[in-house]
Amino acid sequence: MTSSREFFDALETRSADQRMAEQLAALRSVLTAAQAAAPALADVLKDVDPSQLRDVDALSSIPITRKSELFARQRAGLRREPFGGYSTLCKGPGMPRLFASPGPIYEPQGVRPDYWRMGRALHAARFRADDLVHNAFSYHMTPGAFMFEAGAHALGCTVFPAGVGQTEQQIAAMQELRPDAYCGTPSFLRILLEKSRAQGLELPGLRVASVSGEACPASQVEWLRNHGVDAFQTYATADLGLIAYETVAREGFVLDEQVIVQIVQPGTSHVVADGEVGEVVVTVLNPDYPLIRFSTGDLSAMLPGDCPTGRTAPRLEGWLGRADQSAKVRGMFVHPTHIDQIAQRVPQVQRCRLVISHSDAGDHVALQVESLEQGAAFVLLITTVFRDITRLRAEVQLVPSGSLLLDGRKVVDERTFS
């Protein structure tokens with residue numbers, strides 16, 4: 001990291017030509033490594049000669065990999081290795097951790113410091129060396145907490161591994177330890193602030209937050225600022241690590257220096273014009289887990305010009321919805337296949353649909369279930385099965401048989417963040 005407090009490193013202010021040349025060199029190296037050691041990607045890249053790539057736009061000739069394909073390959077190859085042929089790592093000292101995200105989809109962690117590159121986002125959010133960071137992401141099975149912890153360590157911060165839940169204990173710890181910064185979902189940060197105020201308590205010293213796992217609309221950012229915390233959104237996934245991040249300019253999300261992002265027409269490989277809304281497709285320059293043209297399923301658009309902070313990487317407008325029926329709730333993805341699994345596990349369920357809404361208090365998840373079975377015990381059974389599958393809590397609503405629309409929608413996301 002440079003001596004400047006304004007930028008994380010010199011990469012953030014590269015010229016467009018320098019960034020393209022250096023990313024192209026890294027891309028050739030990553031593609032070569034993938035062809036040699038990642039069987040699934042070797043198949044995808046069988047007609048690609050990395051040495052002949054003249055610019056990063058040549059990526060457009062490579063097929064897009066979607067999460068459903070990654071999941072299917074992992075399922076098919078579990079007896080050999082857990083990553084579906086997309087990772088170049090093997091179990092042992094080169095892979096200190098292996099994670100499971102809902103699906104399950106498995107992700108490796110390599111040995112490089114700040115493996116997911118989160119330090120850049122935290123620096124932009126004004127986390128600084130010697131800060132105490134209250135990390136309220138889950139440390140259970142998924143990588144979220146470890147991603148932010150590694151980024152905080154890269155800045156010289158100390159981390160309190162709070163995890164999720166146990167609100168009263170977390171408030172007590174924050175009272176006594178006086179953290180400077182918070183990592184977690186914005187809705188849980190609001191809960192912590194509201195409950196502490198209700199008890200007549202303050203959370204002294206807490207000044208900044210890096211929030212992720214769910215959208216944080218302007219109204220939520222304003223509420224948090226009015227309660228003393230300047231919150232910045234971080235766009236990252238378990239598969240890819242950091243994708244983009246907010247800065248003090250609050251004008252879009254600046255792309256991480258180790259990703260190449262394209263916006264494509266949803267469901268196709270066609271790259272749309274700058275400013276047009278489309279599906280976010282990411283190539284990550286990570287030789288350990290080299291996901292090439294990997295679709296996030298999110299919708300966004302490229303913004304023109306550079307960030308007013310002086311960072312020169314391209315910018316995304318922000319999260320503008322989903323290109324498919326999957327949804328991200330409290331840091332966890334929910335897919336239509338999860339809804340199918342409920343009926344498979346509980347034969348009394350005829351049909352069900354997940355409806356997600358949002359208020360200033362956070363996301364609300366309702367699972368609407370058609371069944372002839374009734375009663376509190378049945379509701380508890382469905383609640384438990386849903387949580388086991390998705391690691392999320394939901395309000396189970398029993399509805400009359402035949403009342404759910406036959407429109408093919410299993411996950412309905414009604415949230416708006418304007």
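The values are calculated or read from the model by the stated rules, or taken from the named source; none is laboratory data. Only a predicted model underlies this, so the values are computations on that prediction, with no experimental measurement involved. Methodologically, a virtual Cβ is constructed for each residue, glycine included, from the backbone with ideal geometry; neighbour enumeration extends over all protein chains shown.
Which residue out of SER68, SER101 is crowded, with 20+ Cβ neighbours inside 10 Å, within 19 Å of the chain's Cα centre (by Cα) and modelled with pLDDT under 95? Step through it out loud before you land on a result.
Numbers: SER68 fails: crowded, with 20+ Cβ neighbours inside 10 Å.
The unique qualifying residue is SER101.
For the range 35-60, give me each residue that is outside any loop (DSSP other than H, G, I, E, B) and more than 28 Å from HIS335 (Cα to Cα).
GLN35, ALA36, ALA37, PRO50, SER51, GLN52, VAL56, ASP57, ALA58, listed by residue number.
Which strands (runs of 3 or more DSSP E) does the range 84-177 wholly contain that include 3 or more residues that are out of contact with any Cys (no Cβ under 6 Å at 6 or more places or on another chain)? Even if it seems obvious, please write down each step before you answer.
Values: elements: 97-101, 105-109, 132-135, 158-161.
Answer list for the range 84-177: 97-101, 105-109, 158-161.
Select, from ALA136, ALA162, ALA124, ALA152, the only residue that is crowded, with 22+ Cβ neighbours inside 10 Å and out of contact with any Gly (no Cβ under 9 Å at 6 or more places or on another chain). Spell out how you get there, then give the answer.
Numbers: ALA136 fails: out of contact with any Gly (no Cβ under 9 Å at 6 or more places or on another chain); ALA162 fails: out of contact with any Gly (no Cβ under 9 Å at 6 or more places or on another chain); ALA152 fails: out of contact with any Gly (no Cβ under 9 Å at 6 or more places or on another chain).
The match here is ALA124.
Give me the residue from the range 80-98 that is charged (D, E, K, R) and loosely packed, with under 13 Cβ neighbours inside 10 Å and, out of that set, farthest from GLN341 (Cα to Cα). Write out each step before concluding.
Step one: filter the range 80-98 for residues charged (D, E, K, R), giving 80-81, 91, 97.
From the residues that got through so far, the ones that are loosely packed, with under 13 Cβ neighbours inside 10 Å too are 80, 91, 97.
On the way: ARG80: 25, LYS91: 30, ARG97: 28 Å.
Once the filter is applied, the top-ranked residue is LYS91.
Before we move on, is GLU257 acidic (Asp, Glu) and touching a helix residue (DSSP H, G or I) at 6+ places or on another chain (Cβ under 6 Å)?
On the way: acidic (Asp, Glu): yes; touching a helix residue (DSSP H, G or I) at 6+ places or on another chain (Cβ under 6 Å): yes.
Answer is yes for this residue.
What number of residues in the range 69-110 are without any contact (Cβ under 8 Å) to a residue 60 or more places away in the chain and hydroxyl-bearing (Ser, Thr, Tyr)?
Residues that pass the stated criteria total 1.
Looking at the range 1-41, which of the residues that are under 30 Å from LYS91 (Cβ atoms) and touching a Phe, Trp or Tyr at 6+ places or on another chain (Cβ under 8 Å) is surrounded by the fewest Cβ atoms within 10 Å (Cβ to Cβ)?
In this case the residue turns out to be ALA40.
Given the residues ARG409, ARG415, which is the only one that is basic (Lys, Arg), part of a loop (DSSP other than H, G, I, E, B) and within 23 Å of ILE105 (Cα to Cα)? Before you say what the answer is, go through the steps one by one.
Numbers: ARG415 fails: within 23 Å of ILE105 (Cα to Cα).
Exactly one residue qualifies, and that residue is ARG409.
Return the pairs, sorted by first residue and then second, in which the second residue is crowded, with 16+ Cβ neighbours inside 10 Å and in a helix (DSSP H, G or I), the first residue lies in the range 26-53 and is basic (Lys, Arg), the beta carbons are less than 7 Å apart, and the residues are 6+ apart or on different chains.
ARG28/PRO50
Hand me the list of strands (runs of 3 or more DSSP E) wholly inside the range 235-341 holding 3 or more residues that are of a type outside the set (A, V, I, L, M, F, W, C), crowded, with 21+ Cβ neighbours inside 10 Å and at pLDDT below 95. Walk me through it before giving the result.
Numbers: elements: 241-245, 253-255, 259-264, 278-284, 294-300, 327-329, 332-334.
Result: 294-300.
Taking only the range 178-202 into account, find how many residues are surrounded by 21 or more Cβ atoms within 10 Å (Cβ to Cβ) and part of a loop (DSSP other than H, G, I, E, B).
The qualifying residues number 2.
Of everything in the range 172-221, what is basic (Lys, Arg) and within 23 Å of ILE356 (Cα to Cα)? Give them in sequence order.
In the first step, residues of the range 172-221 are kept if they are basic (Lys, Arg); the result is 178, 190, 195, 197, 207.
Result: ARG190, single match.
State whether the residues of the range 160-177 include one that is out of contact with any Leu (no Cβ under 6 Å at 6 or more places or on another chain), closer than 29 Å to LYS67 by Cα, modelled with pLDDT of 95 or more and of a type in the set (S, T, N, Q).
Scanning the range 160-177, I find no residue that is out of contact with any Leu (no Cβ under 6 Å at 6 or more places or on another chain), closer than 29 Å to LYS67 by Cα, modelled with pLDDT of 95 or more and of a type in the set (S, T, N, Q), so the answer is no.
Within the range 342-373, which residues are assigned to a loop (DSSP other than H, G, I, E, B), touching a residue at least 12 places away in the same chain (Cβ under 8 Å) and not polar (S, T, N, Q)? Show your work before the answer.
Going through the range 342-373, the residues assigned to a loop (DSSP other than H, G, I, E, B) turn out to be 346-348, 360-361, 372-373.
Of the ones still in play, those that are also touching a residue at least 12 places away in the same chain (Cβ under 8 Å) are 346, 348, 360-361, 372-373.
Residues satisfying the conditions are VAL346, ASP360, ALA361, LEU372, GLU373.
May I ask you to say which residue of SER300, SER295 is hydroxyl-bearing (Ser, Thr, Tyr) and either within 16 Å of THR234 (Cα to Cα) or out of contact with any strand residue (DSSP E or B) (no Cβ under 8 Å at 6 or more places or on another chain) (or both)? Quick ask: steps written out before the conclusion?
Values: SER295 fails: either within 16 Å of THR234 (Cα to Cα) or out of contact with any strand residue (DSSP E or B) (no Cβ under 8 Å at 6 or more places or on another chain) (or both).
Being hydroxyl-bearing (Ser, Thr, Tyr) and either within 16 Å of THR234 (Cα to Cα) or out of contact with any strand residue (DSSP E or B) (no Cβ under 8 Å at 6 or more places or on another chain) (or both) holds for just one of SER300, SER295, which is SER300.
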